[in-house]
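What follows is one structure encoded as structure tokens, with my remarks underneath.
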Amino acid sequence: MPPETTERSLKLSNIDAFLCSLMVGAGESYFPAYAISIGMSEVLAGFLATLPLVGGAVLQLFTPRILQRVHSHKYWVVFSVVTQALAFLPLIYFTMGHAPNFWVLFAVFTLYWGAGFSAGSAWTFWMGRLVPGERSANYFSKRGRISQVGILVGIVSGGLALPNHIEVGPFTSVFSLLFIFAFLCRSMSSFVLSRKVFVNE
């Protein structure tokens, strides 16, 4: 594979890191706060912050078998990321005055985490082939810093926005804007990932 193709994919991966981190900072980080805002107790919010991770981890167990069927780590990563982005759509709908019960929110959060975990293992394999061995330490160190900046920007921006009362059309909650922003970031992330190459050995 031409070196310029590899370099382009590595740059796209850095963009993906920033977009994904913005989603985490502005969206995922505020899941428990959203649960409390719609009247759930702190105990239930705590369950929603932890139990869906277990459910997501269970869903991830099916990833190896699915990969054997689709025969494409790239396809599976992009599909999983798109699914994770789509998990924000019901959350956006809920913020329009259609508050869900605990189990509905649990199902949405489990889908979100399951998609994220499922993408993770296939993404690691993909990047292991893409990043030259002698560059992996420096590259992933830089990518990690980009991710940290994205998370910080997302969390701080969300924290500054939450105290405000915002009404934009049918959206009457700041959580609407946070989840829309997170959805857009992850959607753009899926497009960026689709433009990367997969190295066949």
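Structural remarks
- Subset of segment 99-120 that is of a type outside the set (A, V, I, L, M) and out of contact with any Pro (no Cβ under 8 Å at 6 or more places or on another chain) - its residue that is farthest from Pro52 (Cα to Cα): Gly120
- Counting residues in segment 106-122 that are among the β-branched types (Val, Ile, Thr) and surrounded by fewer than 14 Cβ atoms within 10 Å (Cβ to Cβ) gives zero.
- In the set Leu48, Leu53, only one residue is crowded, with 20+ Cβ neighbours inside 10 Å and modelled with pLDDT of 90 or more; that residue is Leu48.
- Scanning segment 16-37 for residues that are aliphatic (A, V, I, L, M), touching a residue at least 60 places away in the same chain (Cβ under 8 Å) and surrounded by fewer than 17 Cβ atoms within 10 Å (Cβ to Cβ) yields a single hit, Ala33.
- Residue, farthest from Leu19 (Cα to Cα), within segment 157-201, restricted to residues that are among the β-branched types (Val, Ile, Thr) and touching a residue at least 24 places away in the same chain (Cβ under 8 Å): Thr172
- Of all residues in segment 135-175, those satisfying the criterion of being among the small types (Gly, Ala, Ser) and either touching an Asp or Glu at 6+ places or on another chain (Cβ under 7 Å) or not in a helix (DSSP H, G or I) (or both) are Gly169, Ser173.
- Here Ala99 meets each of (1) crowded, with 16+ Cβ neighbours inside 10 Å; (2) touching a residue at least 60 places away in the same chain (Cβ under 8 Å) with one exception, condition (1).
- Matching residues, segment 118-143, being over 17 Å from Val81 (Cβ atoms) and in contact (Cβ under 8 Å) with a residue 40 or more places away in the chain: Arg129, Val131, Pro132, Tyr139, Lys142
The values are calculated or read from the model by the stated rules, or taken from the named source; none is laboratory data. Not measured: the values here are computed from a predicted model. Backbone-built Cβ (ideal geometry, glycine too); neighbour counts: all protein chains shown.
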